[in-house]
Amino acid sequence: MTSLWFERALLPGGWAQDVRVTIDAGRITDVAAGVAVQPHDERHAIALPGLANLHCHGFQRGMAGLSEFRGRPDDDFWSWREIMYRFLDRLTPDDIAAINGLAFVEMMESGFTRVAEFHYLHNDADGRRYADPAEMAGAMVAAADESGIGLTLLPVFYAHGDFGGAPPAPGQRRFLSDVDSFAALVAASRAKLPADAGFGIAPHSLRAVTAEELTAILPLADGGPVHIHAAEQTREVEASVAWSGQRPVEWLLDHADVDARWCLVHATHLTDDECDRLAASGAVAGLCPVTEANLGDGIFPAARYLVAGGHIGIGTDSNILIDAAGELRALEYSQRLRDRRRAMLGSDAVPSIGERLFREALAGGARATAAGTGIAMGQPADLFTLDIQNTAFAGADMRTILDRWVFAARDKAIDCVWRGGRKWVAGGRHIARDAIAARYRTAVTALLA
Ligand SMILES: [Zn+2]
């Protein structure tokens, strides 16, 4: 049993003072506000519930910064993808464990306590299944276990190179399944997961899966979340229209029973009608604003979508720079740059942009990862504290504390992070950082040699 006492904590009903949280067997067993600190309590200033990172391709952390040069005048998402395919050609299961390990450590240090891994690297370098079809998933599980982060595994179904069942490209051979081999992969992957892991499936995109295959694989989610990339790129939207007469999100809304179990990743390019219908569906829009900016994807219509009651969550996707606060900041700034206004994503109920986006990301992340959340009785003990010594918080009141964190705190804003009741980050530093970083350095140095 552990007991923590906070001067302030963000509870489901709002900010509370003098909060005592009791933890047993990884879960919160009691939360009491307005109570005095007791002799054995560990004391901290400000506590927040841990966030879920709802979209991640962990291995891409190993190529962060390797594609930020001018290759040709029309560099875009698709030329980045060629570089990404060349990098992943060489990855072994050990590389995956090493690279994901560091990515997960960085996530924990930035306030994420759970990650949904959109896992599509299933086959060996020649495109053959490993003897154990869940070999790569096992590497992911090992990395999550070592870092302490909660894992929601989303094995990806990927069968085609473009809309309408086009044949895959050679660079996609490590991703490929058919419906039967995917069912075997799903079963083998689930068998490797620890009890507190989440599970769902991820048809990669309408480029990679046909309508018939989508219908066939959906039952494999077994009530868990379904994630799909949709409308990240204008070229993808145009190809979808050429294939079906419909845009990707429009097609999904009309043909796939999109509901609260679904997470449409990116959903960048929406008509007003798609935006309002997606909001009404109960699905989560999985926004990855830092990656979307890095890849030149476009700007999600977040202001309209939130007014329409839509759910959002945030993901680090390509992991070019892992930073929960940075994702929320990039989301708000994208709206300001497009509309030449300020304070776009606040609401009457929660005018603070930082607090509104934090609350939205918390709720949407939990929904999209099928995980419990919040500092509340019965929930997993996943929470973090801010470092009140950071000058960004000088004189802070609770009205502005999350704005200061999101917009003005630079680094070292987080002090401690607990996941499943265990303290994994102390003084801003993950307890296993040194060993995991050393292994990462060795793996990436060898890969790039
Ligand atoms: Zn993605």
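Observations on the model:
- There is no residue in the range 267-283 that is within 15 Å of the ligand (Cβ to nearest atom), under 14 Å from residue 229 (Cα atoms), outside any loop (DSSP other than H, G, I, E, B) and at pLDDT 95 or above.
- Within the range 86-123, tally of residues that are of a type in the set (Phe, Trp, Tyr) and in contact with a helix residue (DSSP H, G or I) (Cβ under 7 Å, 6 or more places away or on another chain): 3
So that you can scan it fast, the table gives a plain yes or no per residue for (1) among the polar types (S, T, N, Q); (2) buried (at least 23 other Cβ atoms within 10 Å of the Cβ); (3) outside the structural domain of residue 362 (by TED's automatic domain parsing); (4) touching a Lys or Arg at 6+ places or on another chain (Cβ under 8 Å):
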residue	(1), (2), (3), (4)
236	no, yes, no, yes
242	no, no, no, no
253	no, no, no, yes
273	no, no, no, no
288	no, yes, no, no
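Residue-by-condition table, conditions (1) of a type in the set (Phe, Trp, Tyr); (2) away from the ligand (no atom under 16 Å from the Cβ); (3) within 20 Å of residue 276 (Cα to Cα):
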{"position": "287", "(1), (2), (3)": "no, no, yes"}
{"position": "299", "(1), (2), (3)": "no, yes, yes"}
{"position": "337", "(1), (2), (3)": "no, yes, no"}
{"position": "354", "(1), (2), (3)": "no, yes, no"}
{"position": "397", "(1), (2), (3)": "no, yes, no"}
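- Listed here are the strands (runs of 3 or more DSSP E) enclosed by the range 17-113 that have at least 1 residues being within 16 Å of the ligand (Cβ to nearest atom), buried (at least 16 other Cβ atoms within 10 Å of the Cβ) and not aliphatic (A, V, I, L, M): 51-56.
- For the range 398-430, a residue qualifies if it is more than 30 Å from residue 332 (Cα to Cα) and free of Cβ contacts under 8 Å to residues at least 24 places away in the same chain, and exactly one does: 423.
- All conditions but one from (1) at positive phi; (2) touching a strand residue (DSSP E or B) at 6+ places or on another chain (Cβ under 7 Å) apply to residue 412; the one that does not is (2).
- Annotation note: Cβ proximity below 8 Å between a residue of the range 331-347 that is basic (Lys, Arg) and a residue that is loosely packed, with under 12 Cβ neighbours inside 10 Å (sequence gap 6+ or interchain) occurs for 336/342.
- Number of the exception - residue 372 against (1) of a type outside the set (A, V, I, L, M); (2) in a loop (DSSP other than H, G, I, E, B); (3) touching a residue at least 24 places away in the same chain (Cβ under 8 Å): (3)
- Residues of the range 167-211 that turn out to be assigned to a loop (DSSP other than H, G, I, E, B), within 23 Å of the chain's Cα centre (by Cα), within 18 Å of residue 135 (Cα to Cα) and of a type in the set (Lys, Arg), as a count: 2
The values are calculated or read from the model by the stated rules, or taken from the named source; none is laboratory data. Note that the structure is a prediction, hence the values are computed from the model and not measured. Every residue, glycine as well, gets a Cβ built from its backbone with ideal geometry; the counts of neighbours run over all protein chains shown.
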